[in-house]
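Since every read-out is calculated from the coordinates, none of them should be taken as a lab result. Please read these numbers as outputs of a predicted model, since none were measured by experiment. No Cβ is skipped: glycine too gets one built from the backbone with ideal geometry, and neighbour counts run over all protein chains shown.
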Amino acid sequence: MRVAAYVRCSTLDQHPETQLVELRSYCAARGWTDVREYIDHGESGAKTRRPALDRLLADAKGRRIDTVIVVGLDRLGRSVSHVVQILELLRHLGITFLSLREQLDSASPVGGALLAMVAVLSQLERDLIRSRVVAGLRRAKLEGRRLGRKPLEVDPRRVESVLARKLSVRAAARELGVSTASAWRLLRAHSAGAGDARATDRGVEEVAIA
């Protein structure tokens with residue numbers, strides 16, 4: 001049995017040994033001797049990319065691990081959706097997952113059912129967030145509120161001055177206080193005879209958002 005013991009401490013003043021003692025004791029009681037330790041020290045659970053976790057998942061994909069064990073699910077991550085992604089990957093690879101605090105064993109019927117419930121709750125969370133976003137956008141539209149970025153205020157005379165001096169696009173962007181792409185479109189529109197710099201820039205912003 002090739003076991004991966006994963007430990008995470010959020011801050012540097014917390015010591016990984018506290019979790020390691022518990023994991024080592026459990027592995028010894030089960031007679032597991034081939035145990036690799038993956039330690040993320042000073043890494044927030046909100047981060048989806050962590051050095052030790054990345055190595056663990058790479059070893060899992062390389063079929064170098066049979067079981068992953070943690071002290072608690074919160075050590076794996078704080079985001080329900082991220083934890084579910086990891087658990088689904090391990091399940092797909094045929095790797096058993098154990099969490100001591102929750103007494104969760106994915107190899108058992110009860111553990112498998114609990115993991116399925118966690119996945120369902122994660123999907124529900126995503127659906128609720130999506131529904132709230134859609135409802136908010138619909139309400140804003142009904143209230144006549146403009147969505148997206150506020151149009152940039154650009155004086156047409158400043159654009160004409162830039163054109164007259166034949167500045168480069170980058171120099172024009174610095175002088176007008178806009179992005180290089182916006183400056184290029186403003187200069188092109190004025191060269192073509194468009195006189196409303198503000199309207200043009202609004203169009204640029206809408207294109208950028210789209």
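Using the Cβ of Glu22 as centre and a radius below 15 Å, the other residues enclosed give a net charge of +1, where K and R count +1 and D and E count -1.
So between Ser131 and Glu17, what do we pick up on full extension, going 0.36 nm a residue minus the alpha carbon distance? List each step's numbers first, then the result.
On the way: separation 114, 0.36 × 114 = 41.04 nm, distance 4.31 nm.
Extra length available between Ser131 and Glu17 comes to 36.7 nm.
Among 174-187, 64-77, the peptide with the highest mean count of other Cβ atoms within 10 Å heads the list, and the full ranking is 64-77, 174-187.
Compute the signed sum of charges (Lys and Arg +1, Asp and Glu -1) over the other residues within less than 11 Å, Cβ to Cβ, of Glu175. Let's see the in-between values first.
Values: positive: Arg158, Arg165, Arg170, Arg174; negative: none.
Neighbourhood net charge equals +4.
Scoring 23-33, 130-140 by mean Cβ neighbours within 10 Å over their residues and listing the highest first yields 23-33, 130-140.
Where Lys and Arg each count +1 and Asp and Glu each count -1, what net charge lies around Glu43 among other residues with Cβ under 10 Å from its Cβ?
Working: positive: Arg8, Lys47, Arg49, Arg50; negative: Asp40.
Combined, the nearby Lys, Arg, Asp and Glu give +3.
Overall, the stretch 1-61 carries a charge dipole of about 280 debye about its Cα centre when +1 sits on the Cβ of Lys and Arg and -1 on the Cβ of Asp and Glu, all other atoms neutral. Couplings 3J(HN,Hα) of the stretch 181-187, computed from phi: 5, 5, 4, 4, 5, 5, 5 Hz, in residue order, whole Hz [Karplus 6.51 cos²θ - 1.76 cosθ + 1.60, θ = phi - 60°; x for Gly and Pro].
To make sure I understand, if each residue's beta carbon is the centre and we count other beta carbons within 10 Å, what order do His82, His92 fall in, fewest to most? Before the final figure, lay out each step's value.
Details: His82 17, His92 10.
Lowest count first: His92, His82.
Rounded if a/c is under 1.5, else prolate if a/b beats b/c, else oblate: with a ≥ b ≥ c from the C-alpha gyration tensor eigenvalues square-rooted, which is the stretch 71-116?
Details: a/c = 1.68, a/b = 1.12, b/c = 1.49.
Oblate, since a/c reaches 1.5 and b/c is not below a/b.
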